[in-house]
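The values are calculated or read from the model by the stated rules, or taken from the named source; none is laboratory data. None of the values given here were measured: they were computed from a predicted structure. We place every Cβ from the backbone using ideal geometry, glycine too, and count neighbours over all the protein chains shown. For the accessible areas, the whole protein counts, side chains as well, though only heavy atoms, and no ligand, DNA or RNA atoms are used. Shrake-Rupley method; radii C 1.70, N 1.55, O 1.52, S 1.80 Å.
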Amino acid sequence: MGDPALWRHRPATGETDRLPLDETPGFVVLTPDPATVVAGLRSGLARLHRSTGARTPLAPGPDEPGNRLNGGRVGPDGALYFGTMNEAEAAPTGTFYRWDGSSLEQFGGRMPVANGPVWSPDGRVLYTVDTGAGVIRRHAGWTAPPEDLIRFEPGWGKPDGLAVDAQGYLWACHYGGSRITRCAPDGTLDRIVPMPTALVTHCTFGGPDLTTLYVTTGLRDRDPTIDPMAGHLFTLETGIRGVPARIFTL
């Protein structure tokens, strides 16, 4: 793996900036201030200046040793929803949290790698991922018990980051599976999008029409002579409008 950093890419110009960090970021979400983001770091949530790296701690990190913060998104209620993971991906010490700017609440049970989470376009259903078990779950609200929605066989790779489009369909990245799948809200498989590298990690919609899917991939333990596209950022023109990322207002 490379050294921890926050990357910023400008599609219109092709410019890319890299901000070195001293700990691994699991996710970032936008704030009303274009110069700052909220980052999920090993040590906890922090307000991070995108150019200088200056940070202000906001909430402590996970209370389990060997854990770090993983994927996170802002929900329809304005709160921040995120997962934690066991860095060895072995012990079931990861879980999900909701942070509203003051209180930190846990939900969703324990698992080695808690991923997702995303909401349906109408804000009624929360989707989360138990990556180790290969399962995408749905919650009728974040306090409701999770129900298994999709269970992928091992040959598909492990479901990782999620995105949702305006039609309510889920786009799931498959870590180790060289693919992205699009599934209906009832879990029915709609399509498979092959990817030219194995470790497909996360995706989100962007672009002027919100139809471009931006996809991150992993470089972890990959041989560049075998998997030369590992660790790159990809764009996919889907022709389907996505749901824009929400801004976290402190």
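The table below lists the values:
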| read-out | value |
| --- | --- |
| Pairs where the first residue, in the stretch 75-102, is touching a residue at least 40 places away in the same chain (Cβ under 8 Å) and at positive phi and the second is surrounded by 18 or more Cβ atoms within 10 Å (Cβ to Cβ) and outside any loop (DSSP other than H, G, I, E, B), C-beta under 6 Å, 6+ apart | GLU89/VAL113 |
| Count of residues meeting criterion [over 17 Å from PRO121 (Cα atoms) and open to solvent by 30 Å² or more (accessible area, probe 1.4 Å)] in the stretch 208-224 | 9 |
| Selection within the stretch 16-48 - assigned to a loop (DSSP other than H, G, I, E, B) and either among the aromatic types (Phe, Trp, Tyr) or without any contact (Cβ under 8 Å) to a residue 60 or more places away in the chain (or both) | LEU21, ASP22, GLU23, THR24, PRO25, GLY26, ASP33, PRO34, ALA35, ARG42, SER43 |
| Subset of the stretch 193-246 [touching a Ser or Thr at 6+ places or on another chain (Cβ under 8 Å) and among the β-branched types (Val, Ile, Thr)] | VAL193, THR197, VAL200, THR201, THR211, THR212, VAL215, THR216, THR217, THR235, THR238, ILE240 |
| Residue in the stretch 149-156 that is among the basic types (Lys, Arg), farther than 28 Å from HIS232 by Cβ and either part of a strand (DSSP E or B) or without any contact (Cβ under 8 Å) to a residue 12 or more places away in the chain (or both) present | yes |
| Any hit, the stretch 140-152, residues being hydroxyl-bearing (Ser, Thr, Tyr) and at pLDDT 95 or above | yes |
| Which numbered condition GLY53 fails, given (1) closer than 20 Å to ALA5 by Cα; (2) not in a loop (DSSP other than H, G, I, E, B) | (2) |
| Residue satisfying condition, being more than 18 Å from PRO145 (Cβ to Cβ) and in contact with a Pro (Cβ under 7 Å, 6 or more places away or on another chain), within set MET85, MET111 | MET85 |
| Out of ALA172, ALA163, ALA140, sole residue that is small (Gly, Ala, Ser), farther than 25 Å from THR56 by Cβ and open to solvent by 20 Å² or more (accessible area, probe 1.4 Å) | ALA140 |
| Residues that are surrounded by 12 or more Cβ atoms within 10 Å (Cβ to Cβ), modelled with pLDDT of 95 or more and not β-branched (Val, Ile, Thr), drawn from the stretch 234-245 | PHE234, LEU236, ARG241, GLY242 |
| Among the residues listed as THR197, THR181, THR201, the single one being in contact (Cβ under 8 Å) with a residue 12 or more places away in the chain, outside any loop (DSSP other than H, G, I, E, B) and over 24 Å from GLN106 (Cα atoms) | THR181 |
| Members of the stretch 2-56 found to be among the hydrophobic types (A, V, I, L, M, F, W, C), over 27 Å from THR212 (Cα atoms) and surrounded by fewer than 18 Cβ atoms within 10 Å (Cβ to Cβ), listed by number | LEU21, ALA54 |
